[in-house]
Each structure stands twice: as C-alpha cells, then as structure tokens.
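Trainee: I'd like to ask some things about the structure below.
The values are calculated or read from the model by the stated rules, or taken from the named source; none is laboratory data. If you're wondering where the values come from, they're calculated on a predicted model, not measured in any experiment. Glycine also receives a Cβ, built like all others from the backbone with ideal geometry; neighbour counts cover every protein chain displayed. Areas reflect the complete protein model, heavy atoms only, side chains present, ligands, DNA and RNA absent. Shrake-Rupley method; radii C 1.70, N 1.55, O 1.52, S 1.80 Å.
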Amino acid sequence: MKHILFITSVLCFLIFPLKGIAQDTDEATNSDGSIIVGARVGGSFSQFAQPGTVITGNIGAFGRYEALPYMQVQLDLGYDVFGGGRTDLNRELPEPANTTQAGILTQLEYLNRQVFFHSVAGRLSARFSLPELNGAAVQPRLIVGGNLNYIFRGRENRDQYMVFDDGSRIILSNDWEEVGADYKSINLGAHFGLGIDFNLTNGETFSVEFIYDRGFTDLNNITIGQPENIEVIRTNRFGISFTYTILNF
C-alpha cells in the first residue's frame with residue numbers, strides 16, 4: 001500500500017508542473033500542448049537469458065503531453081512485477097550435513113526455479129504518429145523510450161528435491177524464499193513497440209500497446225559461487241497494456 005501511495009504522490013507532483021509548461025508552450029507556439037492523465041494495466045511475458053518464462057502484471061498511471069502534432073511524450077509510473085526462470089541448482093551442503101527426522105540429508109537440489117521482482121517502475125516514452133491522423137477514430141503509434149525499475153522485493157519459487165542417507169527421497173513443491181539481497185535494486189532498460197489509440201465519442205482515449213522491453217543491467221548481485229548462481233541476469237519482456245484517459249488539461 002505504501003508503494004501505491006508513493007506512486008500516486010509522485011504522479012501528482014509531476015502533473016501540475018507539466019500543466020504549467022504545457023500552457024506556456026501553447027502560448028508561445030500555438031500548438032495543442034494538452035496534457036492527458038489516465039490509468040494503465042497490463043501483463044507481460046518475462047524471462048532472463050536462461051530458459052524459463054513467467055507471466056507477470058503491472059498497474060499504474062500515466063501523464064501524456066502533446067509536444068508536437070506528430071509526437072506525444074508519455075510518463076508512466078506504477079507497480080510492476082517481472083522476472084524469469086533460472087538454471088536448476090544443486091546445493092552444496094555443509095559438513096556435517098543437515099539432519100532431519102528422515103535421517104541425514106545427503107543431496108539438495110532446487111528445480112524449476114523462478115524469480116519474481118516486485119518494483120516501482122518509471123517509463124518515459126515518445127509516441128509518434130502522422131499529423132493527418134490526429135482526431136481519427138483509430139490512430140496507430142510508434143513507441144520508443146527508456147525505463148527504470150526500483151526493485152524493493154525479490155522472491156524465488158522452486159521445487160526442492162532432497163535425498164537422505166537411508167535412500168528416502170522427498171520433493172517439496174512450490175517453495176518460496178525471499179532473495180532480494182541476491183539481486184541489484186535498480187534496473188535500467190529501453191523499450192519500443194506499437195500502440196493503437198481509439199479516440200472515443202466521449203472525448204476520452206482508450207489505447208492498446210504492444211511493447212518489447214530490454215534490460216541493460218546485470219541484476220545478479222552474486223559474484224562468487226556455483227556457476228548456476230553467478231550467471232548474468234538481464235531481462236527480456238514482451239508486454240500488452242491497456243490505458244484509458246481520465247483527465248484532460
């Protein structure tokens with residue numbers, strides 16, 4: 001909840017200065033200079049360089065500024081979850097090995113590993129279109145820009161395969177672990193894609209966006225250990241989002 005309140009406060013802080021800038025620009029250039037504020041929700045297929053894709057979601061708000069007849073500048077702020085699969089890990093057990101009611105644990109392997117990052121996301125985009133299409137019922141857009149995620153939580157989901165000295169074996173499925181300390185908290189990236197604006201008869205705009213997002217940061221914060229733990233972690237995502245305008249200044 002505190003992260004959602006933070007996002008809302010920052011968006012409000014940014015909207016009112018932008019409104020003043022838009023008015024000044026409109027007077028100086030006679031451009032449209034309008035600012036649109038709205039809500040967004042979406043989902044994405046997210047993965048690292050390793051095999052394994054996870055389906056995640058995001059929610060937030062946006063401010064959209066009509067900078068030129070053929071270009072909008074859009075700022076998105078929101079709550080974003082992303083991640084991916086990681087290589088199976090055969091844990092090196094300490095000596096003496098752990099003990100349980102079933103006996104002495106001789107082998108521990110993490111299978112089907114998936115990592116989920118919870119973050120506050122900011123995205124700045126330029127949305128290009130043809131001036132001749134302004135005001136059309138359906139308006140396609142080319143979208144390019146950069147993005148930043150502040151990761152405040154990391155969780156790993158996996159199955160645990162355990163073997164004991166008496167020959168017994170156990171699989172514990174759907175085990176979760178907090179792993180935020182193993183990863184960096186800032187992820188920088190870039191994105192591009194296509195959008196379709198549907199200009200409705202009530203004056204509002206409903207948009208669908210198809211975006212590919214590439215992360216530049218190696219998120220792995222572990223530099224020493226088993227090869228499965230020190231592999232490079234960079235994000236690749238393809239997402240679909242839906243936006244709807246709420247306010248128009």
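Trainee: I'd like the accessible area for D166: 1.4 Å probe, protein heavy atoms, all chains in place, Å² to the nearest 10.
Mentor: 100
Trainee: Taking R0 as 25 Å, what FRET efficiency do you get between M71 and T201 from their Cβ-Cβ distance, rounded to the nearest 0.05?
Mentor: After rounding to 0.05, the efficiency reads 0.50.
Trainee: Past the 29 angstrom mark, what percentage of all C-alpha to C-alpha distances in region 94-249 do you count?
Mentor: Of all Cα-Cα pairs in region 94-249, 44 percent lie more than 29 Å apart.
Trainee: Residues with amide H under 5 Å of G84's amide H, sequence separation 5 or more or different chain, H placed in the peptide plane at 1.01 Å from N; which?
Mentor: V115
Trainee: Moving to a separate point now. So how much slack lies between F210 and W176, counting 0.36 nm per residue of separation and subtracting their Cα-Cα distance, in nm?
Mentor: So the extension gain works out to 9.1 nm.
Trainee: Okay, next question. Using a 1.4 Å probe on the protein chains only, how many percent of the accessible area of region 47-94 belongs to carbon and sulfur?
Mentor: Carbon and sulfur: 62 percent of the exposed surface of region 47-94.
Trainee: Right, here's the next one. So if each residue of separation counts as 0.36 nm, and I subtract the Cα-Cα distance between Q50 and L111, what length gain in nm does that give?
Mentor: My answer for the length gained is 20.6 nm.
Trainee: So, one more: Per-residue HN-Hα couplings for region 235-249, Karplus 6.51 cos²θ - 1.76 cosθ + 1.60 at θ = phi - 60°, whole Hz, x for Gly and Pro?
Mentor: Whole-Hz 3J(HN,Hα) from phi for region 235-249: 8, 9, 9, 10, x, 10, 10, 10, 10, 9, 6, 10, 10, 9, 9.
Trainee: Which residues' amide hydrogens lie under 5 Å from the amide hydrogen of N221, considering only partners 5 or more residues apart or on another chain, with H built in the peptide plane?
Mentor: Under 5 Å from the amide H of N221 lie the amide H atoms of Y183, K184, each far enough along the sequence or on another chain.
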